[in-house]
């Protein structure tokens, strides 16, 4: 339970149209068992008591699965620990006296709403463009009528583990959403249930991604490196393959 | 008020079939003109929104998160039950029904639970068809595992992320309907009130959490799918934003609140480590399939667990409950952990923890197999605690996880306000006084995919001649004004205390007096404490910031104000129920062995509380529980 004191440099922006700037705060007496967000809670409670505006940030489950928390810590989306969301990052990874810089996701398709909160509804619109299997409630056959090999099921799962947080976009110099799109395209094209809409799905999702203003993939691999669920770059290869395949198939 | 549960006549196993065969239908051309509002996009809300839109209704859906995919169903780990009997181990609809009724300590409605068991199999089919990557056997068929309180393997799972995969399935179905224009989705909007016109629910007042704008929305019917209220305890496994506000507003508009004190304290969570703690993290019940729970035989034994020899360990669940061992139901496991810790055998720096040990399983199965089953949970444990569970037993302690209580609903899932429905965790209907593991996902999806789409038609078929009501109606006007006044009061209170500090204080009172064990004296005192807290809140709370921008403190303030009022009702409910049952353990009522002692003669009923005004205590109404198909016995897992 080491006593930790930090200097925070936090991006403050009152509204989408505000220019925004870094503001420095000192926080002291932190416990190393705290999570990063609990550290911000401590700061915010102090700000509230002094009548200042607390730092706004998105968060909900604090278990690393809802995908809501989103901040760039010392230049890295979700901070320094590999395969970890901000809410699961604990203060034992910081040293007494450290300066920590905290910024929102920076990407054109994710406009800042306030402080560290961005608008990620572009991700929802990409899913709406085809990230589903068209099956109405009540029309499904028996679950075991369609055997799926363990290998395929596991591969589909690895892709489906994406939490839609947007770290891949924040990490990419082109603000590409390729890893996000590839995860959903791969999951559904690997499974037999996803075959009927396979070609149409990838075309629609890719064109929606472009339309929303996400950039192109240049294979730097930054997305994979920063993904809190460690979604593999391999799925982008698969996305490209699926995309070309759909063009050939027409 | 007389509670009509509208249970159809006839034998238990025919009720739902006959109901569906005879329920009035709405023609496609009429469905297009009928609007349904759904609050919440978790498993229940998203599945209902998608299904109703597929049927042709016009749907509007609201969530407070930035996307419907964030709802807290996403955090469910272990699995979802279904009576498929794929394992050929003797499972059946009846057995799932029976296990659920028994698991709930005979405080749930037979007909609802039977229907739940009946539709469970279709849920799995639906989810598989959506592309949910459930765990599979090498031959390609679906795999199952076992959960607490049952002796069959009926739990379907997707690693330790079953809730995530099921929610993403429902979210994808919802997204498809949004893209077709059948559902209008409102992210970052919070419901502030229900609008009633001529006694019926006809709409909602919501606030846009980004702009602060108030909006009025009309619906022929309103469906709440807003989850549980475990955050009344401050510390719980719920998401930070999970709240009771929608249910509470409905309650104040005439919806009865049933069994508010029935809360589930989950036995396997990561223990509290300090005052700064904002939430608790669950370690899935599935871990009890292979992990063994123990404490040292010697009080205050400070040795490292791996240094304590086998003969100096007390595997107290295996000792007390040889038939079910580590897989006893949650309420039983939680109480047993509390008993050991209270007696001085607890471990860790606070003495409020027990060990969950995988040493034997790793020896028996090998590290790879254990990792394939629980790898992500072990990783999560290590991230939070900094300890490696492959080498050192986990330390765990019970934590608030689920609320069995909720809005009272009839067989149609309608509350006591006509046209207002409650589905998923926010209703009270299926789990009695204790929920079995892997049953919450089942209930959420059962309600949303397979129950509500039928039952809501019964009400709407009567409404086909009702044109959309203008939101200029005076009831909309009035409800919006009240909501605004309340927000302004919070913002202009100029007090000295943070919202957080009130929430923390409330949580401590509710945990101490309405947690794992309760007694008359404490409950009576707690009612007074909470009344004082409420008075102080409204004079001394400080809410910074402005109304027309994102203001998380403001949203939290409104939620905490409602939690305080709910806290008082929970105490009253726990006090009125002068027996022990399931998660509700009254110290005055226990067997010689410390097990919950029910009083079926006097308490085989559901408590449904009726709001009677700000100054008058709520009124208790009782719905008698009729058991025609199971015999009430003392629940035994020995």
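The values are calculated or read from the model by the stated rules, or taken from the named source; none is laboratory data. Not measured: the values here are computed from a predicted model. Using ideal geometry, Cβ is built from the backbone for each residue, glycine included, and neighbour counts are taken over all protein chains shown.
Below are the figures for this structure:
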read-out	value
Sole residue being in contact with a helix residue (DSSP H, G or I) (Cβ under 6 Å, 6 or more places away or on another chain), within 11 Å of another protein chain (Cβ to nearest Cβ) and within 17 Å of residue B:400 (Cβ to Cβ), chosen from B:247, B:261, B:242, B:273	B:242
Pair list, Cβ < 8 Å and 6+ apart or interchain, from segment A:101-114 residues that are within 12 Å of chain B (Cβ to nearest Cβ) and under 13 Å from residue A:215 (Cβ atoms) to residues that are assigned to a strand (DSSP E or B) and modelled with pLDDT of 95 or more	A:110/A:118
Selected residue [under 17 Å from residue B:402 (Cβ atoms) and within 11 Å of another protein chain (Cβ to nearest Cβ)] from B:129, B:76, B:108	B:76
So residue B:521, is it loosely packed, with under 14 Cβ neighbours inside 10 Å and in a loop (DSSP other than H, G, I, E, B)	no
Subset of segment A:168-202 [in a loop (DSSP other than H, G, I, E, B) and within 17 Å of the chain's Cα centre (by Cα)]	A:172, A:173, A:174, A:175, A:176, A:177
Odd one out for residue B:269, checked against (1) surrounded by fewer than 24 Cβ atoms within 10 Å (Cβ to Cβ); (2) under 21 Å from the mean Cα position of the chain (by Cα); (3) modelled with pLDDT under 95	(3)
Conditions (1) part of a loop (DSSP other than H, G, I, E, B); (2) in contact (Cβ under 8 Å) with a residue 40 or more places away in the chain; (3) facing another protein chain (nearest Cβ under 7 Å): number failed by residue A:92	(1)
Selection within segment B:530-555 - assigned to a helix (DSSP H, G or I), in contact with a helix residue (DSSP H, G or I) (Cβ under 8 Å, 6 or more places away or on another chain) and surrounded by 20 or more Cβ atoms within 10 Å (Cβ to Cβ)	B:530, B:537, B:553, B:554
Failed criterion for residue B:42 (all others in (1) touching a helix residue (DSSP H, G or I) at 6+ places or on another chain (Cβ under 9 Å); (2) more than 14 Å from chain A (Cβ to nearest Cβ); (3) in contact (Cβ under 8 Å) with a residue 24 or more places away in the chain hold)	(2)
Filter result (at the interface with chain B (Cβ under 7 Å from one of its Cβ atoms) and either more than 28 Å from residue B:548 (Cβ to Cβ) or surrounded by fewer than 24 Cβ atoms within 10 Å (Cβ to Cβ) (or both)) within segment A:63-76	A:63, A:64, A:65
Exclusive hit being in contact (Cβ under 8 Å) with a residue 60 or more places away in the chain, surrounded by 24 or more Cβ atoms within 10 Å (Cβ to Cβ) and within 11 Å of chain A (Cβ to nearest Cβ), set B:210, B:183, B:195	B:183
Selection status of residue A:83, within 12 Å of chain B (Cβ to nearest Cβ), at pLDDT 95 or above, within 23 Å of residue B:160 (Cβ to Cβ) and surrounded by fewer than 20 Cβ atoms within 10 Å (Cβ to Cβ)	yes
In segment A:150-159, the residues that are at the interface with chain B (Cβ under 7 Å from one of its Cβ atoms) and within 19 Å of residue A:238 (Cα to Cα)	A:153, A:156, A:157
Residue B:417 vs. criteria on the phi < 0 side of the Ramachandran plot and assigned by TED's automatic domain parsing to the domain that holds residue B:156	yes
Enumeration of residues in segment A:13-62 that are touching a strand residue (DSSP E or B) at 6+ places or on another chain (Cβ under 8 Å), modelled with pLDDT of 95 or more, at the interface with another protein chain (Cβ under 7 Å from one of its Cβ atoms) and not in a loop (DSSP other than H, G, I, E, B)	A:42
Verdict on residue B:28 being exposed (fewer than 15 other Cβ atoms within 10 Å of the Cβ), assigned by TED's automatic domain parsing to the domain that holds residue B:174 and either over 25 Å from residue B:185 (Cα atoms) or under 24 Å from the mean Cα position of the chain (by Cα) (or both)	no
Residue B:228, sole failed condition from (1) in a loop (DSSP other than H, G, I, E, B); (2) modelled with pLDDT of 95 or more; (3) out of contact with any strand residue (DSSP E or B) (no Cβ under 6 Å at 6 or more places or on another chain)	(3)
Filter result for residue B:210 (in a loop (DSSP other than H, G, I, E, B) and over 30 Å from residue B:488 (Cα atoms))	no
Filter result (more than 7 Å from chain B (Cβ to nearest Cβ) and under 31 Å from the mean Cα position of the chain (by Cα)) within segment A:130-149	A:130
